[in-house]
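S.K.: There's a structure below that I have some questions on.
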Amino acid sequence: MKITSLFNNKDKTVFSFEVFPPKKDSPIESVYERLEEICALSPDFVSVTYGAGGTGGHSRTCEIASRIKNELGVESVAHLTCVNSTRAAIDSTLEDFKAHNIENILALRGDRIEGVEPQKDFKYASELCEYIRGRGDFDLGGACYPEVHGEAEDEVADILNLRKKVDAGATHLISQLFFDNSVFYAFLQRARIAGIDVPIEAGIMPVTNKKQIERMVSMCGASLPPKFSKIMQRYEHKPEALRDAGIAYAVEQIVDLIANGVDGIHLYTMNNPYVARKISEAVRSLL
Ligand code: FAD
């Protein structure tokens, strides 16, 4: 099933999850149990990251995405990055995706690796979208940044670049995580003014531990509202309380987003079935 078709039902908010493959030195089976628990929550789809945080190359993404779709019965989206890939490597990955019946790709530029010269075949995600379009019947998604991508000249340039990605074939977008819904609403307005009319899912990451969130925030530059920082300060040495407060904060964000008519919620599960379950149970009837 193509992900785009999920957004046709205007009475339902799409609810999806993100998972990541295990690190290169861990056996792939180490995530199977968690995947089963996460898929048992019946999200509309599950996306699988590609090479992020040392999780190996495309074969693991393909294997996990295939397991989710073909064995656990949930539609999957395989992430694919291009900045460190040649056309030939992308071709071989696309063939693998086809062989595993994977129809949906989140087309990304990826981050440059320090000390590694990027390949020259693709500079931007829009170029990857265009390339994949000519290489098979895939449904393409793209990433977007409510707080502006770190390398963009400014927010106007970033939105105009996002428009290029949509024009190149991205049929839906998934946002970077954010903790302040007003930032997302302002971004949505900029996107719609720029003529970006595809569905945009809001990326929500529940805080489950302080270290993890500090790492994510330094990587993606999400701003922290005072209400959120208070939670971090108060419960930083009480892991269970921090987890519960993080879940409550994410649920509050989601309730507000759904009430404001968001196209979809994409939950960064961090492969944590407990957190995914708690949030799913809290918002299921609102979707
Ligand atoms: P692009 O859309 O190419 O944008 C990158 C920068 O270039 C932006 O500043 C943009 O404004 C600018 N730009 C774009 N087009 C042009 C143009 N034509 N001319 C001039 N400037 C332009 N990383 C991973 O490694 N693996 C993953 O699995 C992964 N999953 C992600 C999932 C989501 C939902 C998100 C939000 C991010 C994910 N990332 C992942 C991180 C992502 O790879 C980085 O944020 C990367 O730096 C940008 O990727 P992009 O696809 O958004 O790039």
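S.K.: Out of all the residues in the range 16-33, is one or more within 22 Å of residue 205 (Cα to Cα), of a type outside the set (S, T, N, Q), assigned to a helix (DSSP H, G or I) and touching a helix residue (DSSP H, G or I) at 6+ places or on another chain (Cβ under 6 Å)?
M.R.: No, every residue in the range 16-33 fails to be within 22 Å of residue 205 (Cα to Cα), of a type outside the set (S, T, N, Q), assigned to a helix (DSSP H, G or I) and touching a helix residue (DSSP H, G or I) at 6+ places or on another chain (Cβ under 6 Å).
S.K.: It is to be established whether one or more residues within the range 6-13 are under 17 Å from residue 77 (Cα atoms) and touching a residue at least 24 places away in the same chain (Cβ under 8 Å).
M.R.: Yes, that holds for at least one residue.
S.K.: Now a separate question. With respect to residue 137, is the statement that it is among the charged types (D, E, K, R) and either out of contact with any Pro (no Cβ under 6 Å at 6 or more places or on another chain) or near the ligand (Cβ under 8 Å from one of its atoms) (or both) true?
M.R.: Criteria met by residue 137.
S.K.: Pick from the range 75-96 the residues that are small (Gly, Ala, Ser) and outside any strand (DSSP E or B): which of them is farthest from residue 15 (Cα to Cα)?
M.R.: My answer is 88.
S.K.: Is it fair to say residue 47 is within 16 Å of the ligand (Cβ to nearest atom), touching a residue at least 12 places away in the same chain (Cβ under 8 Å) and surrounded by fewer than 22 Cβ atoms within 10 Å (Cβ to Cβ)?
M.R.: No: the conditions fail for residue 47.
S.K.: In addition: Which residue pairs have Cβ atoms closer than 8 Å, lie 6 or more positions apart in sequence or on different chains, and pair a first residue in the range 152-167 that is closer than 16 Å to residue 184 by Cα with a second residue that is in a helix (DSSP H, G or I) and more than 7 Å from the ligand (Cβ to nearest atom)?
M.R.: Qualifying pairs under 8 Å: 155/190; 159/190; 159/191; 162/191.
S.K.: What residue, of 245, 191, is closer than 20 Å to residue 108 by Cβ and open to solvent by less than 30 Å² (accessible area, probe 1.4 Å)?
M.R.: Of 245, 191, the one residue that is closer than 20 Å to residue 108 by Cβ and open to solvent by less than 30 Å² (accessible area, probe 1.4 Å) is 191.
S.K.: Tell me, which helices (runs of 4 or more DSSP H) lie completely within the range 136-248 with 1 or more residues that are at pLDDT below 95? It would help to see each step written out before you state the result.
M.R.: Numbers: elements: 155-167, 181-193, 210-220, 226-235.
So the answer is 210-220, 226-235.
S.K.: Farther than 29 Å from residue 101 by Cβ and either of a type in the set (D, E, K, R) or more than 9 Å from the ligand (Cβ to nearest atom) (or both): which single residue out of 153, 201, 127 fits that description? Reasoning before the result, please.
M.R.: Details: 201 fails: farther than 29 Å from residue 101 by Cβ; 127 fails: farther than 29 Å from residue 101 by Cβ.
Result of the check over 153, 201, 127: 153.
S.K.: Okay, next question. Using the structure shown, decide if residue 114 is open to solvent by 70 Å² or more (accessible area, probe 1.4 Å), within 10 Å of the ligand (Cβ to nearest atom) and on the phi < 0 side of the Ramachandran plot.
M.R.: So residue 114 does not fit the description; no.
The values are calculated or read from the model by the stated rules, or taken from the named source; none is laboratory data. All values reported here derive from a predicted model rather than from experimental measurement. Backbone-built Cβ (ideal geometry, glycine too); neighbour counts: all protein chains shown. The area values use the complete protein model at the heavy-atom level, side chains included, leaving out ligands, DNA and RNA. Shrake-Rupley method; radii C 1.70, N 1.55, O 1.52, S 1.80 Å.
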